[in-house]
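First up is the structure itself, then whatever we jot down about it.
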Amino acid sequence: MKKNLFLIGFMGCGKSTIAALLAEELQMKLVEMDEQIEQEAGMSIADIFEQYGEADFRERETALLHRIRQEGNCVVSCGGGVPMRVENVQAMRAGGRIIYLKTSPQVIYERIKDTTNRPLLNDHMNVEYIATLMEQRKPKYEEAADLTIVTDQKTVAEVCKEMVDKL
Ligand code: S3P
């Protein structure tokens, strides 16, 4: 197994929950990218978007990814937009394996419909918008992935087991 495991996928696909379980099982360090960016900035993702703009947030993601890549032995829950940049995909590839958690728009919507901490969805919290954005992003997720796991109708433990078996 390579140095790091990067979990990618759309907002609400379960990256954070699955990364936590996987890190525990494999005795690896857990890195939650959004949380770390928030801690380092001393403000929420929503505030970073509002005060500095999305481009600034994307720079923070790329800088953090380069640091993680060097560190090794991390299970990384990546922000949903991370694989959109070629540079980020290259950094992940060089630093470990990339696992795509594939989840349907309906399941995503049911999971996150009552949350307000994702600036890209705040004004468009509906299945149609989620499906449209997901269609745009899907090719990047698929292209980046070393391994794809469909998560619909599976428990966190099942997803985790499937991942460990296939790694
Ligand atoms: C984003 C996903 C979010 C967070 C930010 C932007 C995206 O992370 O990084 O709101 O562009 O998909 P999660 O995928 O952990 O929700």
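With a cap of 14 neighbouring Cβ atoms within 10 Å, and only residues DSSP puts in a loop, list the trypsin sites (Lys or Arg not before Pro) found in region 84-167. Provide the component values of the computation, followed by the final result.
On the way: sites: Arg85, Arg93, Arg97, Lys102, Arg111, Lys113, Arg137, Lys140, Lys154, Lys161, Lys166; in loops: Arg85, Lys113, Lys154.
Those that pass, being in a loop and sparsely packed, are Lys113.
Could you pull out the pairs from Lys29/Lys138; Lys113/Lys166; Lys3/Lys154; Lys29/Lys166 whose alpha carbons sit more than 24 Å apart here? Spell out each step's value before the answer.
Numbers: Lys29/Lys138 28 Å; Lys113/Lys166 31 Å; Lys3/Lys154 27 Å; Lys29/Lys166 20 Å.
In this structure, Lys29/Lys138; Lys113/Lys166; Lys3/Lys154 lie more than 24 Å apart at Cα.
Order these by the 10 Å Cβ neighbour count, fewest first: Ser44, Ser104.
Working: Ser44 14, Ser104 18.
Ranking Ser44, Ser104 by Cβ neighbours within 10 Å, fewest first, gives Ser44, Ser104.
Could you work out how much longer the chain between Leu147 and Glu40 gets when fully extended? Use 0.36 nm per residue separation minus the Cα distance between them, nm to one decimal. Show your work: numbers first, answer last.
Details: separation 107, 0.36 × 107 = 38.52 nm, distance 3.04 nm.
Extra length available between Leu147 and Glu40 comes to 35.5 nm.
Using a Gaussian network model of the chain whose springs link C-alpha atoms within less than 10 Å, name the residue from Gly79, Gly42, Gly95 with the highest mean-square fluctuation.
Gly42
Relative contact order (percent) for the chain, with alpha-carbon contacts under 8 angstrom and 6 or more residues of separation? Mind showing how you got there, number by number?
Numbers: 237 pairs, mean separation 56.0, N = 167.
Computed over the chain, the figure is 34 percent.
Read-outs throughout are calculated quantities, based only on the coordinates presented, and are distinct from any laboratory measurement. Because the structure is predicted, anything quoted here is derived from the model rather than measured. Methodologically, a virtual Cβ is constructed for each residue, glycine included, from the backbone with ideal geometry; neighbour enumeration extends over all protein chains shown.
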